[in-house]
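The values are calculated or read from the model by the stated rules, or taken from the named source; none is laboratory data. Owing to the predicted nature of the structure, the values given are computational and were not obtained by experimental measurement. Heads up, the Cβs are rebuilt from the backbone with ideal geometry, glycines too, and the neighbour counts pull from every protein chain shown. These area figures cover heavy atoms from the full protein model, side chains too; ligands, DNA and RNA do not enter into them. Shrake-Rupley method; radii C 1.70, N 1.55, O 1.52, S 1.80 Å.
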Amino acid sequence: MAYLSDPKETIAVLNRYGFAFKKRFGQNFLIDAHVLEKILNASGVAAEDTVLEIGPGIGTLTQALCEKARKVVAVEIDQTLIPILREDTCRQYENLTLINEDVLKLDLHELSESLGGCSFQVVANLPYYITTPILMQLLERRVPVKNITVMVQKEVAMRMQAAPGTKDYGALSLAVQYFAKPYLAANVPPNCFLPRPTVGSAVICLTPHKEPPVFVADEAFFFSLIRASFGQRRKTLVNSLAGAPSGAIPKERTLAALSQMGLLETVRGEALSLQQFAQLSELLA
Ligand code: SAM
């Protein structure tokens, strides 16, 4: 069988169906067998696994997942891709369930229950415009996922795994690292996709923590504090929190908390670790 990771095969399918790429759906199809292999290896998908694939496209990754996993559920927003997958590229896979829907509108807990309540893996070459919302939905709502292996924009992957004090460190780093352990599995250049994206990509694996690595009594307050701390990066933490749109925190209170934590009055949000944000949140809540 000819696989779609062979660019000639992808072009043949696209021509057969007169398929026109839709920019608004972030359609950049994978055309590199080595990258496909790297995604599969990084995910560790095995014969007993159930996989949720977000955005199967014409089925490049889907074919490989169906051959490895027990069951694959693929959610695709673009209805013009459904006949291609159903009648052509994935017609032989009886372990594939296709859902023609916007993944952001699906109740992922309900989906997990319909899969027997078992924890599943998420594997996807994500449309970049939904990267943060879909990953945060999976993590924040504690959907029972074993692990998440996704292709994202390189810059976003760097932010997810960034450490305090680096230029990439911010609210996304803290949110992701509170819920999961990130690991950058591969860098992927634009020529591995059709059409070529304008930016580089990376495969990142997120393994959700069983318990968060720090104690936080009020998660909503903790995350609003983090967002406010990075709202204006050049401001000190004290000034950022004093002008927080979600609720100003008086300067004296923040100064007292910083002093208790042994931090300088001039410290910026980007210098605080996850543990320090948790401590600050407990002191200010
Ligand atoms: N998996 C294919 C591959 O690797 O070649 C396609 C990846 S392409 C980057 C992203 C896919 O996600 C497209 O097929 C696009 O139509 C689909 N998509 C975009 N937004 C979506 C959404 N909100 N829900 C489900 N699928 C979506």
- Query: Using θ = phi - 60° and the Karplus curve 6.51 cos²θ - 1.76 cosθ + 1.60, what whole-Hz ³J(HN,Hα) does each residue of the range 49-60 get, with Gly and Pro shown as x?
  - Reply: 8, 10, 10, 9, 9, 9, x, x, x, 8, x, 4
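Can you give the accessible area per residue of the chain, in Å², using a 1.4 Å probe?
47
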- Message: Give me P(r) over the range 177-242, computed from all C-alpha to C-alpha distances, binned every 10 Å, as integer percentages.
- Response: 18, 25, 29, 24, 5
- Residue (of ASN100, CYS66, ILE82) at the positive-pole extreme of the range 60-112, dipole from beta-carbon charges: CYS66
- Phi-based couplings in Hz for the range 69-78 (Karplus 6.51, -1.76, 1.60; Gly and Pro marked x): 9, 6, 8, 10, 10, 10, 10, 10, 7, 8
- Message: Please report the antiparallel percentage of the DSSP beta bridges confined to the chain, to the nearest 5.
- Response: 45
- Query: Label-point separation (nm) for HIS209 and GLU282, each offset 7 Å from Cα along Cα-to-Cβ?
  - Reply: 1.3
- Message: Can I get the semi-axes of the range 140-185's equivalent ellipsoid? Compute them from the C-alpha gyration tensor as square roots of 5 times the eigenvalues, in angstrom, largest first.
- Response: 19, 13, 8
- Item | Residues whose placed amide H lies under 5 Å from that of SER201, excluding near-sequence neighbours | LYS154, VAL188
- Given H placed on each backbone N at 1.01 Å, which residues far from THR97 in sequence or on other chains put an amide H within less than 5 Å of it? VAL72, VAL73, ALA74
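Taking the range 219-284, how much of its Cα-Cα pair set, in percent, is spaced more than 19 angstrom apart?
Cα-Cα pairs in the range 219-284 separated by more than 19 Å: 14 percent.
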- Note on the structure: Each label sits 7 Å from Cα toward the beta-carbon; between LEU184 and LYS251 the label points are separated, in nm, by 3.8
- Note on the structure: With +1 on the Cβ of every Lys and Arg and -1 on the Cβ of every Asp and Glu, the dipole magnitude of the chain about its Cα centre, in debye rounded to the nearest 20, is 840
- Query: Using a probe of 1.4 angstrom, how much of the accessible area of the chain is carbon and sulfur, in percent?
  - Reply: 51
- Cα convex hull of the range 21-139: how many Å³ per residue? 105
- Message: From the helices alone, meaning DSSP H stretches of at least four residues, give me the mean residue ellipticity at 222 nm for the chain, per-run term -39500 (n - 2.57), in deg cm²/dmol to the nearest 500.
- Response: -10000 deg cm²/dmol
- Message: Need one number: nm distance between label points at ARG141 and ASP107, each 7 Å from Cα along Cα→Cβ, rounded to one decimal.
- Response: 0.9
- Rg(Cα) of the range 103-226 divided by 2.2 N^0.38 Å? 1.09
- Projected onto the charge dipole of the range 219-284 (unit charges on the beta-carbon of Lys, Arg, Asp and Glu, signs +1, +1, -1, -1), the Cα from LEU258, PHE223, SER240 with the largest positive-side position is that of SER240
- Kindly write out, for the range 187-203 in residue order, the coupling ³J(HN,Hα) from the Karplus curve 6.51 cos²θ - 1.76 cosθ + 1.60 (θ = phi - 60°), rounded to whole Hz, with x marking Gly and Pro. 9, 10, x, x, 6, 8, 10, 10, x, 5, x, 7, 10, x, 10, 8, 9
- Item | the range 86-144 - convex hull of the alpha-carbon atoms, volume per residue in Å³ | 106
- For the range 7-208, the fraction of alpha-carbon pairs in successive 5 Å shells from zero, as %: 1, 7, 17, 21, 22, 17, 9, 4, 1, 0, 0
- Task: Would you mind checking which residues have amide H under 5 Å from PHE29's amide H? H placed 1.01 Å from N; only 5 or more apart, or other chain.
- Result: LEU194
- Of all trypsin sites (Lys or Arg not before Pro) in the range 194-259, the ones in DSSP coil with at most 15 other Cβ atoms within 10 Å are LYS210, ARG233, ARG234
- Item | Around ILE54: net Lys/Arg minus Asp/Glu count, Cβ-Cβ under 11 Å | -4
- Go ahead and set up a Gaussian network model of the chain, Cα springs under 10 Å, then flag whichever of MET151, MET261, MET136 fluctuates most. MET261
